[in-house]
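Dumping the structure here so I can ask a few things about it.
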């Protein structure tokens, strides 16, 4: 994940080419980075057990390793071993850059200071980005003064990493009262708190969500692929509704819907978090306790 942040910065600054970055990202993907993949490769669990844990993650907002330990498939020591095999994203990126003769380690270190300065990142921010810990990375890019919005966004991002693509890049969130979209899949939650949660794109970038979640290739963004995006949103919101229920906050989930070539209008701020997924930009949209009209 760190490679996307630093890599795109280096491309933007003209330090490396886009083709070089693509080569680095592909090189890193050649090694299994998901904990489940490594566990299967190390013959600590079976593919069937890994699939079972992945399915449970659609019902439980828990890490792969925590579920595996609770199910008795792995010991805590084995999870720690797998985490060490998974490696540090920053070190992996530096090694990939060096192995492919794109930049030396010394050159990367020189660029890190500019990256930190231009991104206005604190030392804690840099440490979080290097760690790859999404729970530490999310607060860098979203406002946290509205708990329900930030909590909902955080859970949705974790689910994108779990079920869609673990190599995403978050961009700074922003607020708006009008949002034009090419394609939109959305769901409303009504009750003690009212939420509007959506994924949107200018073009057919939502396919980067539909295909991995449905485990199917789509020729275009049609009704079937939209259904897959809606199913993902419903899955993520179901986890969030369960979390709220534990806090004695009850919501009903309306059926997810989709629309195209319109705009969202609200009298209160809509939160938008742009996410780069497989080279395409998808916007995660969350609004809390404000009526949204689609015009």
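Based on the alpha-carbon gyration tensor of the stretch 255-295 and its eigenvalue square roots a ≥ b ≥ c, which shape applies: rounded if a/c is under 1.5, prolate if not and a/b is larger than b/c, or oblate?
Because a/c hits 1.5 or more and a/b exceeds b/c, the stretch 255-295 counts as prolate.
Which Rg and Dmax, in Å, describe the Cα atoms of the stretch 4-53?
16.0, 45
How much of the calculated P(r) for the stretch 2-132 lies past 17 Å, in percent of all Cα pairs?
Pairs farther apart than 17 Å: 63 percent.
Within the stretch 142-179, what residues put their amide N at less than 17 Å from the label point 7 Å along the Cα-to-Cβ vector of residue 11?
Answer for the stretch 142-179: 166-172.
Please determine, in degrees from 0 to 90 and to the nearest 10, the orientation of helix 47-56 with respect to the longest principal axis defined by the Cα atoms of the chain, where the helix direction is its Cα long axis.
The angle comes out at about 40 degrees.
What nm distance separates the two modelled labels at residue 47 and residue 214, each placed 7 Å from Cα along Cα→Cβ?
2.3
Averaged across orientations, what area in nm² does the convex hull of the alpha carbons in the chain project?
Quarter of the Cα hull surface area: 16.1 nm².
Take the alpha carbon atoms of the stretch 58-113, find their center, do the same for the stretch 205-245, and report the distance between the two centers in whole angstrom.
Taking the Cα centre of each part, the stretch 58-113 and the stretch 205-245 sit 26 Å apart.
Hey, another quick one. Given bins 5 angstrom wide, list per bin the percent of all Cα-Cα distances in the stretch 201-286, short to long.
The distribution over the stretch 201-286 is 3, 12, 19, 23, 21, 13, 7, 2, 0, given as percents.
Any idea what Rg and Dmax come out to for the stretch 124-224 if you just take the C-alpha atoms, in Å?
15.1, 43
Further, regarding this structure: So, R0 is 30 Å and r is the distance between the beta-carbons of residue 281 and residue 75; what FRET efficiency does that work out to, to 0.05? Walk me through the numbers before you get to the answer.
Details: r = 41 Å, r/R0 = 1.36.
About 0.15, to the nearest 0.05.
Once you put a point 7 Å from the Cα of residue 180 and another 7 Å from the Cα of residue 263, both along the Cβ direction, what distance in nm separates them?
0.6
Let me ask another. In percent, what relative contact order does the stretch 170-232 have, based on Cα pairs under 8 Å that are 6 or more apart in sequence?
Details: 67 pairs, mean separation 16.9, N = 63.
In percent, rounded to a whole number, it is 27.
Which of rounded, prolate, oblate describes the stretch 140-294, given a ≥ b ≥ c as roots of the alpha-carbon gyration tensor eigenvalues and a/c under 1.5 marking rounded, otherwise prolate only if a/b is larger than b/c?
Because its axes are fairly even, with a/c under 1.5, the stretch 140-294 counts as rounded.
Also, quick follow-up: Need the full-extension length gain, residue 116 to residue 91, defined as separation in residues times 0.36 nm minus the C-alpha distance. One decimal, nm.
Net length gain for the segment: 7.3 nm.
If you don't mind, there's one more thing I want to ask. Taking the Cα-to-Cβ direction at residue 98 and at residue 83 and moving 7 Å from each Cα, how far apart do the two end points lie in nm?
Between residue 98 and residue 83, the label points sit 2.4 nm apart.
Take 121, 73 and order them by how many other Cβ atoms sit within 10 Å, fewest up front.
Sorted ascending by nearby Cβ count, the order is 121, 73.
Distance between the C-alpha centers of the stretch 147-161 and the stretch 254-295? Whole Å please.
Using only Cα atoms to place each centre, the spacing works out to 14 Å.
When the helix-only estimate is applied to the chain (DSSP H runs of n ≥ 4, each -39,500 (n - 2.57), divided by the residue count), what is the mean residue ellipticity at 222 nm, nearest 500 deg cm²/dmol?
It comes out at -15500 deg cm²/dmol, rounded to the nearest 500.
Report, to the nearest 10°, how far helix 89-99 tilts away from the longest principal axis of the Cα atoms in the chain, using its own Cα long axis and a range of 0 to 90°.
Roughly 50 degrees, rounded to the nearest 10.
Give the angle, between 0 and 90 degrees and rounded to the nearest 10, that separates the Cα long axis of helix 76-86 from the longest principal axis of the Cα atoms of the chain.
70
Compute the FRET efficiency between residue 194 and residue 227 as 1/(1 + (r/R0)^6), taking r as their Cβ-Cβ distance and R0 = 25 Å, and round to the nearest 0.05. Numbers along the way, then the final one.
Values: r = 24 Å, r/R0 = 0.97.
FRET efficiency, residue 194 to residue 227: 0.55.
Using only alpha carbon pairs under 8 Å that are at least six residues apart, calculate the relative contact order of the chain and give it in whole percent.
So the answer I get is 19 percent.
Since every read-out is calculated from the coordinates, none of them should be taken as a lab result. Keep in mind the model is a prediction, meaning the values are calculated, not measured. Positions of Cβ are backbone-derived with ideal geometry, glycine not excepted, and every protein chain shown enters the neighbour counts.
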